[in-house]
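For reference, the structure is listed below as structure tokens.
Values in this text are rule-based calculations from the coordinates and carry no lab data. This structure is a prediction, so every number in the text was calculated from the model and none was measured. Virtual Cβ from ideal backbone geometry, glycine too; neighbours counted across all protein chains shown.
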Amino acid sequence: MPNEKRRIPKYLMMKKTIVLFLIATGLSSFASKPEKNPVENGSITVTVNGIEKQKGQIVFMLFDREEGFPKEVDKAFKKGIVSTFDTSATYTFENIPNGKYAIAVFQDENKDGEIETNFIGMPKEPVGASNMTKMGKPSFSKCAVQLQEPSKSIRLKFII
């Protein structure tokens, strides 16, 4: 009888198969769980103070990259317009993914949707940008702000 194969009862074989199946599906479902997406959305509220002329409209632009910053309205990630204002104007960009952004604002006195410039490219209408404190062309990297919280508030003044 030493050469005789040992038979495993069917119910034990079935039990073993079920246990192996449960272990395999449990491990595969654990391994295939998607990671929690760390990107959440928030809002950025921008306030411009010290507006001298109550004329035209205030255009707020949110850029998510260098391209087009600070003058090209059509290349902004998001844009907002405030038509009624006094010496300050506020606009909130809603549902913005966490990340790095630069903000440019101008007073569109003639409501043409563009920043008016002189023959050498200097703005003729009041302009401002996030983190901008003096004259000169703002760069995206210098003006960038990080959104990592549910809401962020930024105050700025027109430079010109």
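Here are the numbers for the structure shown:
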| read-out | value |
| --- | --- |
| Segments 58-66, 121-129 sorted - mean Cβ within 10 Å per residue, highest first | 58-66, 121-129 |
| The range 100-105 - phi-based ³J(HN,Hα) in whole Hz, Karplus 6.51/-1.76/1.60, Gly and Pro as x | 9, 9, 10, 10, 10, 9 |
| Nearby aspartates and glutamates by direct alpha-carbon distance to LYS75 (threshold 14 angstrom, same-chain neighbours under 8 apart not counted) | ASP64, GLU66, GLU67, GLU114 |
| Sites matching chymotrypsin sites (Phe, Trp or Tyr not before Pro) across the range 99-131 that sit in DSSP coil, with at most 14 neighbouring C-beta atoms within 10 Å | PHE119 |
| Global geometry of the range 77-125, whether rounded, prolate or oblate, following the gyration tensor of its Cα atoms and the 1.5 cut on a/c | oblate |
| For the range 138-154, Karplus couplings with θ = phi - 60° (6.51, -1.76, 1.60), whole Hz, Gly/Pro x | x, 9, 4, 5, 6, 8, 5, 10, 9, 9, 10, 10, x, 8, 9, 10, 10 |
| 5 angstrom amide H check on LYS152, placed H, neighbours 5+ away | SER43, ILE44, THR45 |
